1. Please specify each residue of region 24-52 satisfying the condition of being assigned to a loop (DSSP other than H, G, I, E, B) and open to solvent by 40 Å² or more (accessible area, probe 1.4 Å).
2. Counting just the residues of region 125-164 that are assigned to a loop (DSSP other than H, G, I, E, B) and free of Cβ contacts under 8 Å to residues at least 40 places away in the same chain, which one comes out farthest from Gln67 (Cα to Cα)?
3. Among the residues of region 48-86, write down those that are under 27 Å from Gly144 (Cα atoms) and of a type in the set (Lys, Arg).
4. Tell me, which residue of region 77-97 that is under 13 Å from the mean Cα position of the chain (by Cα) and open to solvent by less than 30 Å² (accessible area, probe 1.4 Å) is farthest from Val136 (Cα to Cα)?
5. Take the residues of region 165-200 that are within 19 Å of Thr134 (Cα to Cα) and not hydrophobic (A, V, I, L, M, F, W, C): which is least open to solvent (accessible area, probe 1.4 Å)?
6. Go over the candidates Asn114, Asn74 one by one and state the one that is surrounded by 13 or more Cβ atoms within 10 Å (Cβ to Cβ) and modelled with pLDDT under 85.
7. Would you say Tyr150 is more than 15 Å from Leu85 (Cα to Cα), within 20 Å of the chain's Cα centre (by Cα) and surrounded by fewer than 18 Cβ atoms within 10 Å (Cβ to Cβ)?
8. Determine, yes or no, whether Lys12 is modelled with pLDDT of 90 or more, over 30 Å from Met158 (Cβ atoms) and part of a loop (DSSP other than H, G, I, E, B).
Amino acid sequence: MTRITKDPAVRKQELVLAACDLFKDKGFEQVSVSDIVRKVGVAQGTFYYYFKTKYDILDAVIDHYIQESMSVINGIAADPRLNALEKLQAIISYAMKIDESEHNFIRFLHSDDNLITHQKYMLKSFEKAITPITDVVEQGVRDGLFKVRYPRETVGLMVYMFGYLQDFLAVSQDRDEYYRKMRAAEDVFIKVLGIREGAIRMVE
């Protein structure tokens, strides 16, 4: 059989996407390097050409998650068809959605043994999200939809509150507490943005 040679960047991306799928399906700890290369259909040495260990590809998987999320958030923030309130609601709805297929991987990130990896993921994603969401809030201030004196600083606080909520959602099974926290978050958003009650919904 003729060996197929691919651009290194393409092959590396194939490995990362395969690892993404496997980590979501089984969780990080249950996946081996052999599983990843088998899914791509390459030799084990190919993996070690790009990554020294499974933890190295974990960093690449996290970067991929962040890039995917930011692509969605940036797209919403730049959408000329939406006003600022609609954009913010769309970003909130996207950020609060956790796909069932991702729970194994998310639980791994939130385990006590992975606090450093989790914190690194959260900090990187938060810092990237602040700028486009600040643009949305500043648009809302200009259009008279929001009353915010310090948009960037306010968004920073809002984003970190999101991180707390996402952490809670990833590990809690208490539905009553879930709804209380969501309603409390709605109250916070209403007050800090200066909008009417019910204008932002954290949960249906």
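The values are calculated or read from the model by the stated rules, or taken from the named source; none is laboratory data. In this text, all values refer to a predicted model and were calculated from it rather than measured experimentally. Every residue, glycine among them, receives a Cβ derived from its backbone with ideal geometry; neighbour counts consider all protein chains shown. Just so you know, the surface numbers come from the protein's heavy atoms only, side chains and all, with ligands and any DNA or RNA stripped out. Shrake-Rupley method; radii C 1.70, N 1.55, O 1.52, S 1.80 Å.
1. First pass over region 24-52, keeping only residues assigned to a loop (DSSP other than H, G, I, E, B): 27-32, 41-43, 51-52.
Of everything in region 24-52, those that are assigned to a loop (DSSP other than H, G, I, E, B) and open to solvent by 40 Å² or more (accessible area, probe 1.4 Å) turn out to be Glu29, Gln30, Ser32, Gly41, Ala43, Lys52.
2. Here is the first cut: in region 125-164, the residues assigned to a loop (DSSP other than H, G, I, E, B) are 143-150.
Those still in the list that are free of Cβ contacts under 8 Å to residues at least 40 places away in the same chain too: 144, 149-150.
Details: Gly144: 31, Arg149: 30, Tyr150: 27 Å.
That would be Gly144.
3. Arg81
4. First pass over region 77-97, keeping only residues under 13 Å from the mean Cα position of the chain (by Cα): 91-97.
When the remaining residues are screened for being open to solvent by less than 30 Å² (accessible area, probe 1.4 Å), the result is 91-92, 95-96.
Values: Ile91: 10, Ile92: 12, Ala95: 15, Met96: 18 Å.
My answer is Met96.
5. Taking the candidates together, the pick is Glu186.
6. On the way: Asn74 fails: modelled with pLDDT under 85.
Among Asn114, Asn74, only Asn114 is surrounded by 13 or more Cβ atoms within 10 Å (Cβ to Cβ) and modelled with pLDDT under 85.
7. Numbers: more than 15 Å from Leu85 (Cα to Cα): yes; within 20 Å of the chain's Cα centre (by Cα): no; surrounded by fewer than 18 Cβ atoms within 10 Å (Cβ to Cβ): yes.
The answer is no for Tyr150.
8. Values: modelled with pLDDT of 90 or more: yes; over 30 Å from Met158 (Cβ atoms): yes; part of a loop (DSSP other than H, G, I, E, B): no.
In short, no.
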